[in-house]
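J.: First the structure, which I've put down as structure tokens, then a few questions once you've had a look.
The values are calculated or read from the model by the stated rules, or taken from the named source; none is laboratory data. What you see is a predicted model, and the numbers here were worked out from it, not measured in a lab. Positions of Cβ are generated from backbone atoms using ideal geometry, with glycine treated the same way; all protein chains shown enter the neighbour counts.
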Amino acid sequence: MILGIGVDILHLPRFQRLFRLRPERLITRILTKSEQDEFFTIQARIRARDAPAVVAAAPTDKTVEALSSSSSSSQSPSSSASTANVSAVKIDNEPTSAGTGFASASPSSLSKNPAVTKIDLNDELLRYLASRWALKEASFKALYPHHTLTWQDVTIVKENGKPCVRVAENFGVGKTHATVSHDGEYLIGQVLFESP
């Protein structure tokens, strides 16, 4: 038997403005602990992907000589590359100029980081948060007025690439069905709950 159906639609630019006002509060309020862990894992992956991987130190005189002599000679590219002398290598862990990541993987330091307010509309993190918001709102609508859910009563996980809603046991929800769709500036989440 169907226990309830809920739907929620989000205008992503509006949600992004909401996020920019108080990112730390939004993350800790709507995401459960496991969702926060997943959020910061995604954030770290994005930072690693977007950050410059290696920054070489200034070239030495020998490096310049080697590069200039290799360009004038008939050496193959692979042999000329082996003559280059890089004196130091540094891994750059700072946020990119695009600001796609947070400085640390803990909610307590989010408000101190100006990069938090520079997440692009198409950013994976924004879609992650927006989809959780929409599915949790839809879950609230599906069970109201019989049950009043909080943000922490609902966890969204992915199973085989599809969203799956987990509701706290004390609400008497059996099987759950969920879907998310987005197009342009809009994202929609829909849930259907069956009784146990």
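J.: In the range 104-156, what residues are modelled with pLDDT of 90 or more, touching a helix residue (DSSP H, G or I) at 6+ places or on another chain (Cβ under 8 Å) and assigned to a loop (DSSP other than H, G, I, E, B)?
T.: Scanning the range 104-156 gives 147, 148, 149.
J.: Do the conditions hold for residue 161, that is, is it exposed (fewer than 13 other Cβ atoms within 10 Å of the Cβ) and modelled with pLDDT under 95?
T.: Details: exposed (fewer than 13 other Cβ atoms within 10 Å of the Cβ): yes; modelled with pLDDT under 95: yes.
So residue 161 passes the test.
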